[in-house]
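Heads up: the structure comes next, in structure tokens.
The values are calculated or read from the model by the stated rules, or taken from the named source; none is laboratory data. Nothing here was measured: the structure is a model prediction, and the numbers come from that model. When we count neighbours, we look across all protein chains shown, and the Cβ atoms used for this are built from the backbone with ideal geometry, even at glycine.
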Amino acid sequence: MPSPCSSRCQAKGGLCVGCGRTLTEITRWSSMDERSQLAVMAELEGTKSTHSCPGCGNPTYCAVSAGEPISHCWCSQLTALPLGEASACWCRHCLSNRIGQEP
């Protein structure tokens, strides 16, 4: 499967601002099996979601909300999660915009 790289690569807090993948997902992409790649793509495209992002309203996926451990969630691969008062997890795009903005 082709990479979802958008050639706007900029790592911010462990997440690529261009494609929305974690640095771990980017590094492992070529060695991932197709099923794993499709799962990442579904999360990026919002076709696999657990709720709407409080920041933008788009569908987003949270493994914890799906009943899985935090270690299975893409956000556990980030260097730092911003604290906030959101009622639910943010999507990759909104979260990448928020990383580093809070004291």
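Residues in the stretch 30-46 that are crowded, with 18+ Cβ neighbours inside 10 Å and more than 10 Å from the chain's Cα centre (by Cα): Gln37 only. Scanning the stretch 51-70 turns up one or more residues that are under 11 Å from the mean Cα position of the chain (by Cα) and farther than 15 Å from His93 by Cβ.
Mind counting the residues in the stretch 2-23 that are under 21 Å from Tyr61 (Cα atoms) and more than 11 Å from the chain's Cα centre (by Cα)?
8
Ser52: within 15 Å of Met1 (Cβ to Cβ) and modelled with pLDDT of 90 or more, yes or no? In short, no. The number of residues in the stretch 14-25 that are surrounded by 18 or more Cβ atoms within 10 Å (Cβ to Cβ) and part of a helix (DSSP H, G or I) comes to 1.
Residues that are hydroxyl-bearing (Ser, Thr, Tyr), closer than 21 Å to Cys16 by Cβ and part of a loop (DSSP other than H, G, I, E, B) within the stretch 47-81 comprise Thr47, Ser49, Tyr61, Thr79, listed in sequence order.
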